[in-house]
Amino acid sequence: MEEVPVRVLFFKSKSCAFCAPVERMVRKAISRLFGDELITVNVFDVDEHNELVDEYKITSLPYVIVGEVPVISGMASEKEIEDALMRGILHSASSRAERIEVGAKQVFIEANLNFVESINSKERIRRNIGDYVHISNLQLATISLLSLDTTAGNLLYSIGKLAGKTGAFTGLLYDIEPSLGDPYASVEKNFRSFLIAIDRFHVKQNELGVFDARNAEVVEEDKGYGRIRIYESATATGVPVIGEPICYFTAGMISGLAEAILGETVYVAERNCWGLGASYCEFEISLSEGALEGKKTTPHLTKKGVEAREESFGRLIRTLTRNMTQSVLEGRRIRVGISDYTHIMNLQQQITSIKLADPVAGFFLRLAGKRLGRIIAPKEHLSVNEAIFELKNYMNSPLSLMSGIHSNCNIKKGDGESFIVTVESCAFASGQENIGVSLCEFEAGVIEGFMEKSTGKSYSSKEVECWGLGQQHCAFQVEREKFS
């Protein structure tokens, strides 16, 4: 599994005199003590993200949090900064893996159980619209997150690996290849059996109704090393060229499945992808880390690389939205050999679980949704009532409903410029148990961005009812932000 970098959150404002010198000292200390690839610094301007002041209880600037622990508040010397970062990063590194495992596991175990129960009982999780969501919805959420969060790829790989280890599909591999895991066979022979099983894995999944990919093919195998091509993946098929692979969750899942069966550490890296211009996704799998050395699954992005992601974001979103429109409304298939819809379990395992695995990634998911909302809002300079009318039209549009992202949407006007958006059968949360946490950060962000673009004013959208909170629908309290 690729190591998920520790997050350092740096909060500043344009009027803060100490912020710039402290930020320089923080970056210098991290580079000298730990190396840039092990630590990710996320910088937030509280003038642009006022909601973070209350969320993180910020009392003075600059304010620095490592993981979830505040370590610097206000001006500090270089020695004080180094000592604070050393303590915070060492503590965070030891607790981060546990947080990912405990948090993400809650969502995807429930998603797996719901899927198995629905197959066995032949009852839908979402009885009014069915349990399938268009692959473009998964792609929109994934690419939106990757465009903002430099650690998202590592996080998706880790979540995928955990899903592979603890999910429902190891049993399916044993059914495909009964000789798997033979205690008397060599590791290399069991590895070869694993590749044979993976070759037929997606076909068997689709017989159950998963529709994650059409099929896989082993294109090379040699003594604990293999290359697998996956065709018509839900995560990547139809995605425009972005200069990097995007199937981090799939790479992690292959690694997790292999480790669960073989009892050995298995290294996986995506080598080709729709995001790199191929018409398939290709993964290298090895029992030896050295075989994949220097070929990391997830790139370490420089500031220039992050800016390139952001610059291409609008183009990517418009392409994916066009793909979905042509597929849903015009019948022009994206995946010619398999349905353009995938089970909501896939969306929940890859996207919904992120917030529980990493709350900061959940915030980035909301920002990603917000950027999408700004792009899809059709009109500007509207009154609040006009904007609400347009939002309801969008949420209840044939594209939204037929794509399976949710069913009916109602909006109830409140006092002043506040209102409540209620959606039924949300793909991100339907079927999840009550865990005391709202789950639909991406949807909340879309509503915020749509209203901001439509009115030119800042809005906040807080999910107040959700499957994760014990209800069987999702509701968002939307209010005009007073500071805007």
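Things to note:
- Of the strands (runs of 3 or more DSSP E) lying entirely inside the range 187-275, those containing at least 3 residues that are out of contact with any Ser or Thr (no Cβ under 9 Å at 6 or more places or on another chain) and at pLDDT 95 or above are 215-221, 225-231.
- Comparison of Ser460, Ser454, Ser418 shows that the only residue that is within 23 Å of Thr142 (Cα to Cα) and not aliphatic (A, V, I, L, M) is Ser460.
Rundown of residues vs (1) touching a Ser or Thr at 6+ places or on another chain (Cβ under 6 Å); (2) surrounded by fewer than 24 Cβ atoms within 10 Å (Cβ to Cβ); (3) under 12 Å from Ala141 (Cβ atoms), yes/no style:
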{"position": "Arg332", "(1), (2), (3)": "no, yes, no"}
{"position": "Gln348", "(1), (2), (3)": "no, no, yes"}
{"position": "Ala357", "(1), (2), (3)": "no, no, no"}
{"position": "Arg371", "(1), (2), (3)": "no, yes, yes"}
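- Among (1) outside any loop (DSSP other than H, G, I, E, B); (2) within 20 Å of the chain's Cα centre (by Cα); (3) among the polar types (S, T, N, Q), the one test that Thr422 misses: (2)
Yes/no matrix, rows are residues, columns are (1) assigned by TED's automatic domain parsing to the domain that holds Val116; (2) part of a helix (DSSP H, G or I); (3) among the small types (Gly, Ala, Ser):
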| position | (1), (2), (3) |
| --- | --- |
| Leu329 | no, yes, no |
| Ser353 | no, yes, yes |
| Ala361 | no, yes, yes |
| Leu365 | no, yes, no |
| Gly373 | no, yes, yes |
| Leu399 | no, yes, no |
| Ser407 | no, no, yes |
| Asn410 | no, no, no |
| Glu417 | no, no, no |
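- Test result for Gly456, at positive phi and surrounded by fewer than 23 Cβ atoms within 10 Å (Cβ to Cβ): yes
- Only one entry in Ala427, Ala368 is among the small types (Gly, Ala, Ser) and touching a strand residue (DSSP E or B) at 6+ places or on another chain (Cβ under 9 Å), namely Ala427.
- Qualifying residue in the range 432-450 (condition: among the acidic types (Asp, Glu), crowded, with 16+ Cβ neighbours inside 10 Å, part of a strand (DSSP E or B) and at pLDDT 95 or above): no
- The range 103-126 - residue that is free of Cβ contacts under 8 Å to residues at least 24 places away in the same chain and assigned to a loop (DSSP other than H, G, I, E, B) and, of those, nearest to Ser327 (Cα to Cα): Arg124
- Condition met for Ser233 (of a type in the set (Ser, Thr, Tyr) and either in the same structural domain as Ser327 (by TED's automatic domain parsing) or farther than 30 Å from Arg318 by Cβ (or both)): no
The values are calculated or read from the model by the stated rules, or taken from the named source; none is laboratory data. Because the structure is a prediction, the values reported are computed rather than measured. For neighbour counting, all protein chains shown are included, and Cβ atoms are generated from backbone atoms with ideal geometry for every residue, glycine included.
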